[in-house]
Amino acid sequence: RARATRATRARATRAIHYPSISTSFHRSVMSSLRCFQNVASSLLSQGSFASRLSSSTRLGVHSSIFASASRLASTSSSSPIGRDLLVEKRSDGVAVITFDLQNSPVNVLRAEHTAGFRDLMRELSSDPAVKAVVMRSGKKGNFVAGADINMLAACQTANELESISEQAQQVFDEIAAMSKPVVAAIDGACMGGGFELALACKYRVASTSAKTVFSLPEVQLGLLPGAGGTMRVLDHTGVQKGLPLLLTGKQLKPDQARRLGLVDQVVDPAALEDAAIRAASDLASQKLSTKPRKAGLLDQVLEGPAKNLLLSKAREQVMKQTKGKYPAPLAILKVVEERLKNGPKAQLKAERQEFGKLGMTPESAALISIYKAHTALKTNRFGAPAKKVETMAVMGAGLMGAGIAQVSATKGIKVLLKDRDHKGVSRGEQQIYNNLTQRVQRRRMSAVERDGHMANIVPLTDQDPHWREHMAKADMVIEAVFEDLDLKKRLVQEIEQYIPEHCVVASNTSQLPISKIAEASKRPDKVVGMHYFSPVDKMPLLEVITTEQTSKDTAASAVQMGLRQGKTVIVVGDAPGFYTTRVLASLSAEGAGLLLEGVPAHDLDKHLRDFGYPVGLVSLLDEVGIDVASHIVKDLSVSLGDRVVGGADPGLINEMVQKGFCGRKSGKGFYLYNQKPSRTSFLDRLMGKKSTGKPVNPEALALVEKYRTSGVDSSKLPAEEIQHRMVARMTNEAVYCLQEGVLQSASDGDIGAVFGLGFPPFRGGPFRWIDSMGTSKFLDLVKGFQDKYGDRFEPAPLLVDYAKTNRKFHEK
């Protein structure tokens, strides 16, 4: 019995080990590490500076084609119900409902649809000529994307949201209880409320289209499924398999959904509608039947005697992943607890109550603001370019160049990948092949698809006698060579001899002025900056940098290319450090200053993580490379001065570089990487003591003492003051960027910080953080730091102006 108990506890622990809930906006801890690493690695090599929805999950952002087959029988009647629902009553007794939201690219559920579906289902239920119902979408590549975010955001009270939830629950309950079978024919995105609608149907048929995905991503907006989704997912999967779906918003492909019991049948897109009609007819005639899920032994244990253990471990994992910063996962656990202890009816009541409460939290408001800003950036603000890029040349096959080639080739773009010699271009090709092979091994891509993508890449070298002829066919050239201004200018001059007149020339750089690079061009209007983040195939952000001479069509072409590559694109002005490099340099400089004021490295790391960043500052510097940080300080100090890079004696990192303490890559930085982290004894663990983590490099610590700021000891400062010194300085610099026109909007600044620098998504970005505090209060905070620590905290004049009336950067 003791062994059985231990085994049950172990299985319970494994069953609820969930990934982070913020995959949509905060891909992983390594995202922020890589962001900063790139910022800087571009100074030395082919890198570029500067991470959820994560292959982030997104509501209503899919574009597949709904391929309906020819009808099996002629319709006896066809009538519109309202503007968005069309009903066709077939002669074989199957009624086909087509949901096609007018004047919208995707279907979303609004309050008026609740009554519409209810009335329609009641009419069909009472019609003796109707034996079964099929529900389909009239949108290409989209079943239903979920609830209308604007409708939810417009609610002023928790009661309003709870009422919306209750109405949706009641309608979906009626659909589930209909005596006539309802079948969902699903092709394309089936997400959020759309997935809840499908789960209310008796039977679900999904197409094999690559665009068909299922998810409940409400948690990534600070919410939970509010139309019975928490109940019906667990009805079909059980708590062990269903709870991770609710807590993470994970996307499922059709076959995955079928294995979990969330989909009944998977067919080719061309056969979808026929299969759904046949299933509906067979269900009505009882030739086909569905069986309720039979819980296995482990599920019976976890949902019965071990439910308290399950909930305890789940809560422990959620707190470990979120540090309590995101209320939605904890609310989901509360709803599930109601189910396990008091049944489904109590669960539904808890679901709508928690839905209302969550909708009024600042965390949800922040996450929704990010989602809406992210969605807005999917439209090219410059319009469509005059010529679509069919062939792209990438100059330099290093880490960044190969990454740019990969994200382009996988989107069907022909890529001319050029390096100096065969060794260089082969290395780039191998990087791409290895990355795609990993996707094949994880079943995210077939080997045939991988080989097709590789066929889009044409390797070229200086020794290739025909490389110039290839360049004559390029519509865009992106150079990704070493971060050296003279080298980039020479490359522009050389390549312009062979490319056509319409060809756009883009530079992948983290801080070199694009206007300086354009000086070497005969057509400066065709020159633009495209700052990618490493690794390019994983990092979602792209900064497009325009100069005063960059034409609108050139900017349109750069933005369009980023969108085709699957990037979140912000457009920034040509200024030193652009946006991301500049504000991150401010954050890092203040953190280094705190280190020299006596704040221990581990404590400094912990303070930034506790604020919500995925990684601490000192660890970040080691991952970037101390040598790279030294180059950043040197370059930006010339153009931006102490306000951006001041606060710490640069002698510290310069001497660390001289001694070879360059960070993880050299085995030593501020921390040691050739030793395992110290382990706590059993007695220490029993007393609640934790491991101190990576061992500090004693030689680096001696250098910190050597350059220690005299007469100052900040080690006893409150954690909040330490956090605010770093983040407020970065945020103030972001306001300078908005004031100077580097940023076009506060929303762009929020998106850049969250997607590129790991700014906590639940805070909404630096400008949303100011708004939550109040501009006048934030100004007082910055002024207080200026009085205490100097003019590196000089408030941006725009901030001073806004603070006069406590005006917000986001008016809505």
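The values are calculated or read from the model by the stated rules, or taken from the named source; none is laboratory data. Please read these numbers as outputs of a predicted model, since none were measured by experiment. With ideal geometry, Cβ positions are generated from the backbone for all residues, glycine too; neighbour counts draw on all protein chains shown. Surface accessibility is based on the protein's heavy atoms, side chains included, excluding ligands, DNA and RNA. Shrake-Rupley method; radii C 1.70, N 1.55, O 1.52, S 1.80 Å.
Collect the residues in region 372-391 that are under 23 Å from the mean Cα position of the chain (by Cα) and open to solvent by 30 Å² or more (accessible area, probe 1.4 Å), keeping them in residue-number order.
Passing the criteria: 372, 375, 376, 378, 379, 381.
Just wondering, is there one or more residues in region 66-75 that are of a type in the set (Phe, Trp, Tyr), at pLDDT below 90 and part of a loop (DSSP other than H, G, I, E, B)?
yes
Identify, by number, the condition in (1) in a loop (DSSP other than H, G, I, E, B); (2) touching a helix residue (DSSP H, G or I) at 6+ places or on another chain (Cβ under 6 Å) that residue 210 doesn't meet.
Residue 210 satisfies all of (1) in a loop (DSSP other than H, G, I, E, B); (2) touching a helix residue (DSSP H, G or I) at 6+ places or on another chain (Cβ under 6 Å) except (2).
Consider residue 618 carefully, then state whether it is modelled with pLDDT of 90 or more, among the β-branched types (Val, Ile, Thr) and closer than 23 Å to residue 737 by Cβ.
When the stated conditions are applied, residue 618 does not pass them.
Among the candidates 264, 235, single out the residue that is open to solvent by 10 Å² or more (accessible area, probe 1.4 Å), of a type in the set (Asp, Glu) and at pLDDT below 95.
When all the criteria are applied, what remains is 235.
Could you list, in sequence order, all residues of region 195-211 that are touching a Gly at 6+ places or on another chain (Cβ under 8 Å) and at pLDDT below 95?
209, 211 - these are the residues of region 195-211 that are touching a Gly at 6+ places or on another chain (Cβ under 8 Å) and at pLDDT below 95.
It is to be established whether one or more residues within region 740-756 are hydroxyl-bearing (Ser, Thr, Tyr) and open to solvent by 50 Å² or more (accessible area, probe 1.4 Å).
No, region 740-756 has no match at all.
Quick one: in region 699-737, which of the residues that are outside any helix (DSSP H, G or I) and in contact with a helix residue (DSSP H, G or I) (Cβ under 7 Å, 6 or more places away or on another chain) is least open to solvent (accessible area, probe 1.4 Å)?
714
Results for (1) open to solvent by 40 Å² or more (accessible area, probe 1.4 Å); (2) assigned to a helix (DSSP H, G or I); (3) among the aliphatic types (A, V, I, L, M); (4) over 23 Å from residue 387 (Cα atoms), shown as yes or no for each residue.
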residue	(1), (2), (3), (4)
423	yes, yes, no, yes
431	no, yes, no, yes
434	yes, yes, no, yes
449	yes, yes, no, yes
460	no, no, yes, yes
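For residue 511, work out the one condition from (1) open to solvent by 10 Å² or more (accessible area, probe 1.4 Å); (2) over 27 Å from the mean Cα position of the chain (by Cα); (3) within 17 Å of residue 639 (Cβ to Cβ) it doesn't fulfil.
Unmet for residue 511, out of (1) open to solvent by 10 Å² or more (accessible area, probe 1.4 Å); (2) over 27 Å from the mean Cα position of the chain (by Cα); (3) within 17 Å of residue 639 (Cβ to Cβ): (2).
Which condition number in (1) in a strand (DSSP E or B); (2) among the aliphatic types (A, V, I, L, M); (3) at pLDDT 95 or above is the one that residue 130 fails?
Unmet condition: (1).
For region 481-498, state whether one or more residues are assigned to a strand (DSSP E or B) and either open to solvent by less than 60 Å² (accessible area, probe 1.4 Å) or at pLDDT 95 or above (or both).
No: region 481-498 contains no residue that is assigned to a strand (DSSP E or B) and either open to solvent by less than 60 Å² (accessible area, probe 1.4 Å) or at pLDDT 95 or above (or both).
Can you tell me which of 643, 582 is crowded, with 24+ Cβ neighbours inside 10 Å, over 22 Å from residue 668 (Cβ atoms) and of a type in the set (Lys, Arg)?
582
Need pairs with beta-carbon distance below 6 Å; first residue closer than 24 Å to residue 580 by Cα and within region 488-515, second β-branched (Val, Ile, Thr) and assigned to a loop (DSSP other than H, G, I, E, B); sequence gap 6+ or separate chains.
514/547; 515/547
Would you pick out the residues in region 292-326 that are over 21 Å from residue 343 (Cβ atoms), outside any helix (DSSP H, G or I) and open to solvent by 80 Å² or more (accessible area, probe 1.4 Å)?
Across region 292-326, the qualifying residue is only 323.
What's the number of the only condition in (1) farther than 19 Å from residue 707 by Cβ; (2) open to solvent by less than 20 Å² (accessible area, probe 1.4 Å); (3) touching a Leu at 6+ places or on another chain (Cβ under 9 Å) that residue 611 fails to meet?
Among (1) farther than 19 Å from residue 707 by Cβ; (2) open to solvent by less than 20 Å² (accessible area, probe 1.4 Å); (3) touching a Leu at 6+ places or on another chain (Cβ under 9 Å), the lone unmet condition for residue 611 is (3).
Pull out all pairs, ordered by first then second residue, where Cβ-Cβ is under 7 Å, the residues are six or more apart or on different chains, the first lies in region 97-120 and is farther than 20 Å from residue 170 by Cα, and the second is surrounded by fewer than 18 Cβ atoms within 10 Å (Cβ to Cβ).
Every condition considered, the pairs that remain are 98/86; 98/138; 100/86; 100/138; 102/83.
Pick from 341, 334, 357: which is at pLDDT 95 or above, touching a helix residue (DSSP H, G or I) at 6+ places or on another chain (Cβ under 9 Å) and more than 30 Å from residue 766 (Cβ to Cβ)?
Every option except 334 fails the conditions.
Show the residue pairs meeting these rules: Cβ distance below 7 Å; 6+ apart or different chains; first residue within region 432-452 and more than 18 Å from residue 253 (Cα to Cα); second residue modelled with pLDDT of 95 or more and among the polar types (S, T, N, Q).
432/406; 435/406; 450/437
Collect the residues in region 213-232 that are assigned to a strand (DSSP E or B), open to solvent by less than 10 Å² (accessible area, probe 1.4 Å) and either in contact with a Cys (Cβ under 6 Å, 6 or more places away or on another chain) or of a type in the set (A, V, I, L, M, F, W, C) (or both), keeping them in residue-number order.
The one that is assigned to a strand (DSSP E or B), open to solvent by less than 10 Å² (accessible area, probe 1.4 Å) and either in contact with a Cys (Cβ under 6 Å, 6 or more places away or on another chain) or of a type in the set (A, V, I, L, M, F, W, C) (or both): 214.
For region 535-547, which residues satisfy the criterion of being open to solvent by 10 Å² or more (accessible area, probe 1.4 Å) and either modelled with pLDDT of 95 or more or touching a Ser or Thr at 6+ places or on another chain (Cβ under 7 Å) (or both)?
540, 546, 547
Just to verify a result, which residue in region 642-659, among those that are more than 15 Å from residue 591 (Cβ to Cβ) and modelled with pLDDT under 90, is nearest to the chain's Cα centre (by Cα)?
Here the answer is 643.
For region 354-397, give me the residue count where each residue is over 13 Å from residue 152 (Cβ atoms) and in a loop (DSSP other than H, G, I, E, B).
The number of residues fulfilling the criteria is 16.
Tell me which residues, restricted to region 398-412, are assigned to a loop (DSSP other than H, G, I, E, B) and open to solvent by less than 10 Å² (accessible area, probe 1.4 Å).
If the condition is that a residue be assigned to a loop (DSSP other than H, G, I, E, B) and open to solvent by less than 10 Å² (accessible area, probe 1.4 Å), then 398 is the only one that fits.
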